[in-house]
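Below is one structure, written out as structure tokens; comments come after it.
The values are calculated or read from the model by the stated rules, or taken from the named source; none is laboratory data. Keep in mind the model is a prediction, meaning the values are calculated, not measured. Here the Cβ positions follow ideal geometry from the backbone for every residue, glycine too, while neighbour counts run over all protein chains shown.
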Amino acid sequence: MSITRFSIKSIDAERFSSRGKPKKNVRIDHNSSITKIKHITKDSFDIYFRFTAGYSGMGRIELEGSLEIQDAPTDLAEKWRSDNKLPNEIANKVHSAIIQNCIPQAVLISREIKLPPPIPMPKVNVPGKGKKKKPQRGMEVA
């Protein structure tokens, strides 16, 4: 199975709270879901999706689109319609592609509506005065 096309068709973003005091410990939940599967040819399908980044009470970012997969089982759409599940191998690839393509877009959108980026930011720890820096082990790179 391979993914041959990915497109975003709809972007919806909303900030619920006014831009005042920043909230601490904002929880950001990501969710990708498949909304429809359409048979194109013998072994290719359009898979429609919705990706949501929800900010606990602060706002949300929602992207909708589709991707095309090839070399998939011919009964994929029927199986999905019957129990709303994809085979694990296909589901892993599809949801990974959705997240890998939507997270960077959500980061750009979050910047525009003044929400934190929907990815964990690295923590910087600079040792203060009087604190000794622990020696690092490993290869030295100049």
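Observations on the model:
- First in the stretch 105-119 and under 17 Å from Ser17 (Cα atoms), second anywhere and surrounded by 14 or more Cβ atoms within 10 Å (Cβ to Cβ) and among the basic types (Lys, Arg), Cβ under 8 Å, 6 or more apart: Ile113/Arg15; Lys114/Arg15; Leu115/Arg15
- Consider the stretch 48-63 and keep the residues that are without any contact (Cβ under 8 Å) to a residue 40 or more places away in the chain and surrounded by 15 or more Cβ atoms within 10 Å (Cβ to Cβ). The one that is nearest to Leu76 (Cα to Cα) is Tyr48.
- Residue satisfying condition, being more than 18 Å from Ile11 (Cβ to Cβ) and among the aliphatic types (A, V, I, L, M), within set Leu63, Leu108, Leu76, Leu67: Leu76
Let's see how each residue does on (1) at pLDDT below 90; (2) exposed (fewer than 10 other Cβ atoms within 10 Å of the Cβ); (3) in a strand (DSSP E or B); (4) in contact with a Phe, Trp or Tyr (Cβ under 8 Å, 6 or more places away or on another chain):
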| site | (1), (2), (3), (4) |
| --- | --- |
| Lys42 | yes, yes, no, no |
| Asp46 | no, no, yes, no |
| Thr74 | yes, no, no, no |
| Glu89 | yes, yes, no, no |
| Ile103 | no, no, no, no |
| Val107 | no, no, no, no |
| Ile119 | yes, no, no, no |
| Met139 | yes, yes, no, no |
| Ala142 | yes, yes, no, no |
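- Single residue of Asp71, Asp43 found to be in contact (Cβ under 8 Å) with a residue 60 or more places away in the chain and over 14 Å from Pro118 (Cβ atoms): Asp71
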